[in-house]
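The values are calculated or read from the model by the stated rules, or taken from the named source; none is laboratory data. Computed from a prediction, not measured in an experiment: that's the story for all the values here. Don't worry about glycine lacking a Cβ; one is built from the backbone with ideal geometry, like all the others, and counts go over all protein chains shown. Keep in mind that these areas ignore ligands, DNA and RNA; they rest on the heavy atoms of the full protein, side chains included. Shrake-Rupley method; radii C 1.70, N 1.55, O 1.52, S 1.80 Å.
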Amino acid sequence: MSIFFSFDSYPVISIYFSLFSLYCSWKFFSLLSRLYPDPRLIQKFAYCLFYIPSVFFWGSGVFKDSLTLSALFIFSYSIYGVIVDRKITPYNILMLAVGAYLMFCIRSFFLIILIPCLGFWFFAIFRDRFIKSNLFRSISFPLLLIIALLVIIFGLGRVMGGSSDLNETSLQNKAAGFQSWHESQGGSTYSLGMTDFSAASLIKVLPLAVNVTLFRPYVWETHTAFQMVSALQSLFFMLYFILTLYRTKLGFFSSITQDSLILFSISFSVFYAFVTGFTSYNFGALDRYKIPALPFFMIALVLINYQHQQKKVKAK
């Protein structure tokens, strides 16, 4: 079968992967462009989805990451069409099935993270229709955040402990061996100081794991030209994040609860960054594993800055 479709040629297979990745990215880009038709935003969305170096490199070749990232985009696009646009078409159902199947078969924890975050997105869209009390509106998001965090932590625990060789003791031993092996290689390793995989330990290292995924390696931690590209990319992410915080101040947090896409994007990127950060322990592997978090984190920052600028214009 593979010979029939690809002529047993690696370049042809690469083209198939690239086209599928481009198609799924473009569909999600078209959704963003429809939700926010401002040409300035559309241009920035294009940078978020198509021009981040790590995403471009790892998300378009013959890698599992190409398939999972593509599945993430097409699943998000299709489920929005079904739930919000109410277009229960054969296409949307098929793309939902394809996206869910790829994520489940390749990296099932994608769905554990994605589903609660999609719940944030759709809850924010429909909240005002169903919740009339201002008090319940104000506490709804913190409550959902706690629920989502618990679902993700315990869901991941079930996935990692679902087989006999991945019980808690075995998982700790494997993690310790994995970390010590990478540390023996030198150069590209990092450590979060974890000693066990209990829920308390995971919550404790959450900010460290998010930081290492989104903002590391630092420039002084690089040893190769390829790592330097990743470090400069991480430096840009950090500076843009700091600039956004400086511009918006407390408005940064209010924007998250006021815009449903920002809420979805920031929650998914942070939760995914958390999982990736505490499982990689190697900057080379991290650069590949973290690519799903990067577009959504940038989308959230772009929208937060855009909203801040719009408020300043209206205030004049």
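Which of the residues belonging to the range 47-81 are assigned to a helix (DSSP H, G or I) and more than 20 Å from residue 113 (Cβ to Cβ)?
47, 50, 53, 56, 57, 81
For the range 19-37, give me each residue that is outside any helix (DSSP H, G or I) and surrounded by 12 or more Cβ atoms within 10 Å (Cβ to Cβ).
Scanning the range 19-37 gives a single hit, 36.
Name the residue that is nearest to residue 209 (Cα to Cα), counting only residues in the range 276-316 that are of a type in the set (D, E, K, R) and in contact (Cβ under 8 Å) with a residue 40 or more places away in the chain.
290
Do we have residue 293 as under 17 Å from the mean Cα position of the chain (by Cα) and not β-branched (Val, Ile, Thr) here?
Spelling it out, residue 293 is indeed under 17 Å from the mean Cα position of the chain (by Cα) and not β-branched (Val, Ile, Thr).
Here are the criteria: (1) open to solvent by less than 10 Å² (accessible area, probe 1.4 Å); (2) at pLDDT 90 or above. Tell me which single one residue 298 does not satisfy.
(1)
So residue 255 ticks every box in (1) of a type in the set (Gly, Ala, Ser); (2) under 17 Å from residue 48 (Cβ atoms); (3) in contact with a Phe, Trp or Tyr (Cβ under 9 Å, 6 or more places away or on another chain) but one. Which box is left unticked?
(3)
Specify which of the listed residues (272, 240, 246) is hydroxyl-bearing (Ser, Thr, Tyr), within 21 Å of residue 114 (Cα to Cα) and not in a loop (DSSP other than H, G, I, E, B).
272
Residue by residue, here is whether (1) within 16 Å of residue 28 (Cβ to Cβ); (2) charged (D, E, K, R); (3) open to solvent by 30 Å² or more (accessible area, probe 1.4 Å) holds:
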{"position": "49", "(1), (2), (3)": "yes, no, no"}
{"position": "80", "(1), (2), (3)": "yes, no, no"}
{"position": "84", "(1), (2), (3)": "yes, no, yes"}
{"position": "87", "(1), (2), (3)": "yes, yes, yes"}
{"position": "95", "(1), (2), (3)": "yes, no, no"}
{"position": "109", "(1), (2), (3)": "no, no, yes"}
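Those residues that are at pLDDT below 85 and part of a helix (DSSP H, G or I), I need them from the range 222-237; list them, please.
Passing the criteria: 225, 226.
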